[in-house]
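Colleague: This is the structure I have questions about; it appears just below.
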Amino acid sequence: MGLSIGIDLGTTNSVAGVATPEGVRLAADSKGNRVHASVVSLPAGGGRILGNSAKVRKATDPSQTIYSAKRLIGQNVRAPLVQLAMASLPYPVEEGNNQQPIIVVGGRRMTVPEVSAMVLTHLRQLCEEQFEEEVTGAVITVPANFSDSQRQGTKEAGRIAGLEVMRLVNEPTAAALAYGYGRSMDQRVAVFDFGGGTFDFSVLKIDSDIFEVLGTDGEFFLGGDDIDQMIAEFLASQMNRTLHIDPRPIPTAMNRLSIAAEQIKQYLTSNEEAGGTIDGIVVNNSGKSVSVEFELSRDKFDSMIEGYVERTIDVCRNVLASTGLEVKDIDDVIMVGGSTRIPLVRQRLSEYFAKEPATRINPDEVVAHGAAIQAAMLAGAVHEGERGELTDELADNPMPIDMGIPEEGETSQGGAALLLDVTPATLRIATAGGYSEPFLEKNSPIPIERTNLFTTAHANQSRVVIECYRGGARRQDENELLGSLELNDIPPGDRGEAEIEVTFRVDPDCILHVRARDLRTENEVEAKLNVIGAPVSDNFRTTLDLPEGLSEKQAAKLRQKHEKEQQKLEKKAEKERAKAEKQRVKMAKRAETGES
Amino acid sequence: MRPWSKRELLAYLDRIMPALEGLDHFELLDVPPDADDKTIQGAFHNMAGGLHPDRHRNVLSPSQHERLIVVYARIAEAYRVLRSPEHREKYLIDEAKRRKKTTTTVRAPQEIASALALLSPKAQQLYRRAIAAKRTGDTASAVLNLRMALAKHPQSGFLKEALKKLR
């Protein structure tokens, strides 16, 4: 039995750790950093550079350095917001099978879970070196508003990295666990999680060892990256105005400006005014590198990001309203994520909640703390089972797992805490006329199973398609399509005579499974939804990890062989896809004629 | 809240699994029909604390754990419905309709006799026990007996219908 670790797999940074009886220990790199850049660099000469050493290569080797992969995981490349995010990335992203994004670096085509798996492998190795034990299991955190395909992509990344993904835990929930674990409190807390790529807000009730999420919401594509982008745009327009050079169409120039933007943003956290020169952004016609001078005051910066900050406060307002609570009912506000360091964010947050947010927590590390605690608790239950014959006396008195975060003047109570999480969005089912109805509203407790009866919309309808959506709108097309399920061979009958029992099951990782049954024939279909954009594990290309100590010739041979295999696989997948597409069209037609 | 012991848990699962389809949301959460919000939340926390699948990971065999998740997911659904006044009201109306429907459709006695004759003596006995249990209001035993009968005659439409009505 190996170690079970907790991993905060972030858009810009990741943190991993293990819960021990002395408290949570986080894995550090050779320089002692506990926060690791979620960056993978694949130099042209071979090998891979990971974490903080890879981060510096964003500037020096931008086309071979992948960052912010989390923004692409489980996404449909054709979605407008994804297209927008892709435009600001210096590495090429192509469309792969099932419309999933494929990252192309140095001629290597990789799925996003494969890239994230490299980040996870790096964290796993750091843990293994530091804690001198093999890592087998992991709890990985995800933004609360992650969709099914994003969750599946994250699980897939863990699998590729050789980890048993014991659970996906929502980031704000993990933060609340780290905050309240072992303190046997009775409080309502708000978690404001403003990270590099996403924003989440959750309200929890902590009732001694039970952490119940009352409500959650968030926005994808709202984070530090977007703020950097905004500053970069500002610098670009400055450059255009003063030097008459527009760097916006030049990816390398924009990449340098975003790196500078991040530094400016951080500088403005503790300074009122930032100014200076950014060198070597572009090379002009005469072959000389061009620098740009800039000046940005805190006030100007605040007015630039005001819209973003107000959007986060709006989310807080909506979540509180949905839980029936008021600002005064919140006992403490926990800040998570690097973007909560921005003075305007803190100011608006304390104004809205009329209290100072909790500052004893490190916003970069708190999520990993919670994940590590949850991993130890889940593994603890495993250990119980491994004691061979488990007697009831033992089960009656479970070993206390004591790994609270010790704090001055407080004694850790220890014991197992329990996370009761919820669905972040309403899950809907399509009904006639382009509409949909809610099946499980957002903030439903998970795991959950709901069954309901549906019927046919037409007489003698022989087939129904159960389409599942995610979102808050009545009109189908204003929601996100999760996938569909077909039930065939329905016996002829009047409209409304058929009894179709549909069951939605949301598992503990918050992934939806749908089952449909014709009560008259007992025909049953059960399926995991086929989600567009989700990783297709069977077909996608794998990267080749060459064993060390090979000669150039041997390596080249292996690479060639691998490449051929990959091409074969791709062709096969392409054929299957075309076949499936054809069949789909046929079936839709059959239904039309059957119904009319 | 203390997690239940393995013995308590298995006894509970054995008791609840056969009756799962017949239990209403109040019975699942173990609260009275007039329970208020606070009682409902307290009951859910109590049950979650005792039997949440995370608290019994691998203490149970995989199939036992799977059963526990099924039961827990139903309890969560009961909580979802009963804690919301809107859902609760709709649920009560639907339940009343469902009960009315199941008591008005009755098969003719000779039909029952002929359907029964097609079954093995053991299955006939189980069916009679189920009917007797139903009369005393013990839906759980009725369902259990019908299921056992159905296990002997998996294709019997008669038994399937009887089970459906009971639910």
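The values are calculated or read from the model by the stated rules, or taken from the named source; none is laboratory data. Model, not experiment: these values are computed from the prediction. Using ideal geometry, Cβ is built from the backbone for each residue, glycine included, and neighbour counts are taken over all protein chains shown.
Colleague: Are any residues in segment A:277-318 hydroxyl-bearing (Ser, Thr, Tyr) and either under 20 Å from A:Met254 (Cα atoms) or not in a strand (DSSP E or B) (or both), and if so, which ones?
Modeller: Selection gives A:Thr277, A:Ser286, A:Ser289, A:Ser291, A:Ser303, A:Tyr308, A:Thr312.
Colleague: Being closer than 19 Å to A:Met335 by Cα, crowded, with 23+ Cβ neighbours inside 10 Å, in contact with a Leu (Cβ under 6 Å, 6 or more places away or on another chain) and more than 14 Å from chain B (Cβ to nearest Cβ) narrows it down to one residue among A:Phe211, A:Phe194, A:Phe199; which is it?
Modeller: None of the others qualify; the one that does is A:Phe199.
Colleague: Sticking with this one: Take the residues of segment A:353-393 that are modelled with pLDDT of 80 or more and among the basic types (Lys, Arg): which is farthest from A:Gly10 (Cα to Cα)?
Modeller: A:Lys355
Colleague: Among the residues of segment A:488-521, write down those that are within 14 Å of chain B (Cβ to nearest Cβ), more than 30 Å from A:Arg167 (Cα to Cα) and not polar (S, T, N, Q).
Modeller: Within segment A:488-521, A:Pro491, A:Glu499, A:Asp518, A:Leu519, A:Arg520 qualify.
Colleague: So, in segment A:427-442, of the ones that are surrounded by fewer than 20 Cβ atoms within 10 Å (Cβ to Cβ) and outside any strand (DSSP E or B), which residue ends up nearest to the other protein chains (Cβ to nearest Cβ)?
Modeller: A:Glu441
A quick yes/no check of all residues on (1) in contact with a strand residue (DSSP E or B) (Cβ under 9 Å, 6 or more places away or on another chain); (2) buried (at least 24 other Cβ atoms within 10 Å of the Cβ); (3) modelled with pLDDT of 95 or more; (4) part of a loop (DSSP other than H, G, I, E, B):
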residue	(1), (2), (3), (4)
A:Met1	yes, no, no, yes
A:Ile7	yes, yes, yes, no
A:Ser14	yes, yes, yes, no
A:Gly17	yes, yes, yes, no
A:Lys31	no, no, no, yes
A:Ala44	no, no, no, yes
A:Gly47	no, no, no, yes
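Colleague: Please go through segment A:84-123 and give me each residue that is touching a His at 6+ places or on another chain (Cβ under 8 Å) and either surrounded by fewer than 24 Cβ atoms within 10 Å (Cβ to Cβ) or not hydrophobic (A, V, I, L, M, F, W, C) (or both), ordered by number.
Modeller: A:His122
Colleague: Going residue by residue through segment A:464-483, is there one that turns out to be in contact (Cβ under 8 Å) with a residue 24 or more places away in the chain, closer than 30 Å to A:Thr216 by Cβ, among the basic types (Lys, Arg) and outside any strand (DSSP E or B)?
Modeller: Scanning segment A:464-483 turns up at least one residue that is in contact (Cβ under 8 Å) with a residue 24 or more places away in the chain, closer than 30 Å to A:Thr216 by Cβ, among the basic types (Lys, Arg) and outside any strand (DSSP E or B).
Colleague: Still on this structure, please answer the following. Which of the residues spanning segment A:59-83 are at pLDDT 90 or above, under 18 Å from A:Ala260 (Cα atoms) and outside any loop (DSSP other than H, G, I, E, B)?
Modeller: Of everything in segment A:59-83, those that are at pLDDT 90 or above, under 18 Å from A:Ala260 (Cα atoms) and outside any loop (DSSP other than H, G, I, E, B) turn out to be A:Thr65, A:Ile66.
Colleague: Moving on to the next point. Acidic (Asp, Glu) and either over 18 Å from A:Thr312 (Cβ atoms) or in the same structural domain as A:Asp279 (by TED's automatic domain parsing) (or both): which single residue out of A:Asp186, A:Asp217, A:Asp200 fits that description?
Modeller: Criteria check complete, one pass: A:Asp186.
Colleague: Here's a follow-up. Out of segment B:24-63, which residues are within 11 Å of another protein chain (Cβ to nearest Cβ), assigned to a helix (DSSP H, G or I) and among the polar types (S, T, N, Q)?
Modeller: Residues satisfying the conditions are B:Gln41, B:Asn46.
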